[in-house]
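Trainee: What follows is a single structure, and I will ask about it in a moment.
The values are calculated or read from the model by the stated rules, or taken from the named source; none is laboratory data. Bear in mind that the values here come from a model prediction, so they are computed numbers and not experimental data. Cβ: placed from backbone, ideal geometry, glycine included. Neighbour counts: every protein chain shown.
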Amino acid sequence: MSFLAAYRCIGTAAGPLIETYLGRRLRQGKEDAERLPERRGQASLPRPDGALVWLHAASVGEAASALILIDRLLATRPGLQVLVTTGTVTSAALLRDRLPPAARHQFVPVDRPGWVAAFLDHWRPDLALWVESELWPALIAATAARGIPMVLVNARMSDRSARRWGILPGLARAVLGRFDLCLARNAEQANRFRALGARVVEVTGNLKFAAAPLPAAPEARDALRAAVAGRPFWLAASTHEGEEQAALDTHRRLAVHRPDLLTIIVPRHPQRGAEIAALAEQGGLPTARRSLDTLPTPACAVYVADTLGEMGLFFTLAGEQADGGAGIVFVGGSLTRRGGHNPLEPAHFGCAILHGPDMRNNLEMAEALAEADAARIVATPEALAETVENLFTAPAERHRLADAASRVAHAHAGVLDRAMTALAPVLARLPA
């Protein structure tokens, strides 16, 4: 029995365990109760008429990269229809507000053969584009078996993932070998995918460099701007457990000389909002939570932005410091071992960017910022507090950092053009 056949058998037999897994994720707020059938391959929307391109983007970062590609696809092929699948509620919220009318979102089915078949029976895509690195063997094999062309776009695989796939080289070849084309971020990634079994690999660059600025609702922006008017504030964005404590410790240190300071924390997983608020209040810091439909009052020291799809709002706010300098943004997932989140997202908004030492998931962007002296690296919670404190006293340096980061964010416009050129032959085979 092949590795892929064994994987399918395990997926079929593990039904009860998978249902338990989905139930646990639902209780944790990681699944949408109303749309849980989508995870079993049961569509909640009709298939549109005409040619349909399906893009799979695992989570928020991949979804943001997919949006700019979707816009170009629709501009290039008027009348094209698009399906986007993701696996997280945060990415669903992002796409809900930003997808164009010709595109729709569904949650990706869990990788069980029966659920995968139901998904493909309903949607019948004419082309499948997988963004970055989330590879589901049963879904990929079933898609290829139906003769649907597949392209891996913005392909990235970490050292850790490559080692895992390397343990089962037969499965790696069976999965990656089914892609008609692999568009890698850089030469190192291209070599990695070739070694694991990808057949045709091209280097087109990192689509995250080409992503458009995150949106901000004008009404929400104006209300929040009025609530924080005249106060110094800084932003800890996409934080994970451990990083919120570092942000709170930073606040306490700075508040000695800035008693009106506001620290805004945007957790990567909004369902952790109550936990973070309790942590702040246990430390004597008055706190408000955005999910409770509250704004920060003058007495509020910490504002926990535990909502979905509003990161652009807080980046916009962060770029509007009243002292003439740029806003200070710490990019989370980087002080803890999470690989770091996209540091170019705040670069579009006039922000001075800080991040921790672990940026392996967005290494190219972190390196581009470092080469331009456009970000500060903070290796410890103590270094975070010291750097934020120093930048508050140096508005000119904040402004310089923000300008340098903005130049980096706008310096890679050719990435999307190269991707579209590589995709042109498969797009030309789509039905009219």
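Trainee: Filter segment 213-243 down to residues that are closer than 25 Å to ARG337 by Cβ and small (Gly, Ala, Ser) and give me whichever is farthest from the chain's Cα centre (by Cα).
Mentor: Here the answer is GLY242.
Trainee: If I ask for residues that are farther than 24 Å from GLY414 by Cβ and part of a helix (DSSP H, G or I), which ones from segment 72-91 would you list?
Mentor: VAL89, THR90, SER91
Trainee: Please note which helices (runs of 4 or more DSSP H) are completely contained in segment 314-432 and include at least 1 residues that are within 30 Å of PRO78 (Cα to Cα). Lay out the reasoning, then the answer.
Mentor: Working: elements: 363-371, 381-392, 395-409, 414-428.
Result: 395-409, 414-428.
Trainee: Tell me, which residue of segment 83-111 that is basic (Lys, Arg) and at pLDDT below 95 is farthest from SER65 (Cα to Cα)? Reasoning before the result, please.
Mentor: Taking segment 83-111 and keeping what is basic (Lys, Arg), we get 96, 98, 104.
From the residues that got through so far, the ones that are at pLDDT below 95 too are 96, 98.
Working: ARG96: 15, ARG98: 12 Å.
Once the filter is applied, the top-ranked residue is ARG96.
Trainee: A follow-up question, please. Give me the residue from segment 275-305 that is aliphatic (A, V, I, L, M) and in a loop (DSSP other than H, G, I, E, B) and, out of that set, farthest from ASP249 (Cα to Cα). If you could, list the steps in order and put the result at the bottom.
Mentor: Narrowing segment 275-305 to residues aliphatic (A, V, I, L, M): 276-280, 285, 288, 292, 295, 299, 301-302, 304-305.
After this cut, where a residue has to be in a loop (DSSP other than H, G, I, E, B) as well, the list is 285, 295, 299, 301, 305.
Numbers: LEU285: 10, LEU295: 22, ALA299: 18, ALA301: 12, ALA305: 18 Å.
The residue in question is LEU295.
Trainee: Could you give me the residue pairs with C-beta distances under 7 Å whose first residue belongs to segment 153-180 and is assigned by TED's automatic domain parsing to the domain that holds LEU69, whose second residue is basic (Lys, Arg) and in a loop (DSSP other than H, G, I, E, B) wherever it lies, and which are 6+ apart or on separate chains?
Mentor: ASN154/ARG185; ALA155/ARG185; ARG156/ARG185; GLY177/ARG199
Trainee: Further question: State the number of residues belonging to segment 363-388 that are surrounded by fewer than 18 Cβ atoms within 10 Å (Cβ to Cβ) and not aliphatic (A, V, I, L, M).
Mentor: Adding up the residues that qualify gives 6.
Trainee: Being surrounded by fewer than 16 Cβ atoms within 10 Å (Cβ to Cβ) and either over 29 Å from LEU176 (Cα atoms) or charged (D, E, K, R) (or both) narrows it down to one residue among PRO16, PRO46, PRO37; which is it?
Mentor: Checking each option against the conditions leaves just PRO46.
Trainee: Report, by residue number, each residue of segment 256-274 that is of a type in the set (Val, Ile, Thr) and in a loop (DSSP other than H, G, I, E, B).
Mentor: Here is the first cut: in segment 256-274, the ones of a type in the set (Val, Ile, Thr) are 256, 263-266.
Once the filter is applied, which keeps residues that are of a type in the set (Val, Ile, Thr) and in a loop (DSSP other than H, G, I, E, B), segment 256-274 yields only VAL256.
Trainee: Considering only segment 347-360, state which residues are in contact with a helix residue (DSSP H, G or I) (Cβ under 7 Å, 6 or more places away or on another chain) and either more than 14 Å from ARG407 (Cβ to Cβ) or aromatic (Phe, Trp, Tyr) (or both). I'd like the intermediate steps shown before the answer.
Mentor: Here is the first cut: in segment 347-360, the residues in contact with a helix residue (DSSP H, G or I) (Cβ under 7 Å, 6 or more places away or on another chain) are 347-355, 359.
Selection gives PHE349, LEU354, HIS355, MET359.
Trainee: Right, something else. For segment 127-141, what are the residues that are more than 19 Å from ASN154 (Cα to Cα) and touching a Gly at 6+ places or on another chain (Cβ under 9 Å)?
Mentor: ALA138
Trainee: Hey, another quick one. From the set of residues in segment 254-289 that are under 14 Å from ALA236 (Cβ atoms) and charged (D, E, K, R), which is nearest to the chain's Cα centre (by Cα)?
Mentor: Taking the candidates together, the pick is ARG268.
Trainee: So ALA246 clears everything in (1) modelled with pLDDT under 95; (2) under 25 Å from the mean Cα position of the chain (by Cα); (3) among the aliphatic types (A, V, I, L, M) except one condition, right? Which one?
Mentor: Unmet for ALA246, out of (1) modelled with pLDDT under 95; (2) under 25 Å from the mean Cα position of the chain (by Cα); (3) among the aliphatic types (A, V, I, L, M): (1).
Trainee: Being touching a residue at least 12 places away in the same chain (Cβ under 8 Å), over 19 Å from SER44 (Cα atoms) and crowded, with 22+ Cβ neighbours inside 10 Å is the requirement here; does VAL116 meet it?
Mentor: So VAL116 fails the test.
Trainee: Another question about this same structure. Just the residues that are at pLDDT 95 or above and outside any loop (DSSP other than H, G, I, E, B), please, taken from segment 197-217.
Mentor: VAL201, GLU202, VAL203 - these are the residues of segment 197-217 that are at pLDDT 95 or above and outside any loop (DSSP other than H, G, I, E, B).
Trainee: Can you go through LEU26, LEU94 and tell me which one is in a helix (DSSP H, G or I), surrounded by fewer than 18 Cβ atoms within 10 Å (Cβ to Cβ), touching a helix residue (DSSP H, G or I) at 6+ places or on another chain (Cβ under 7 Å) and among the hydrophobic types (A, V, I, L, M, F, W, C)?
Mentor: LEU26
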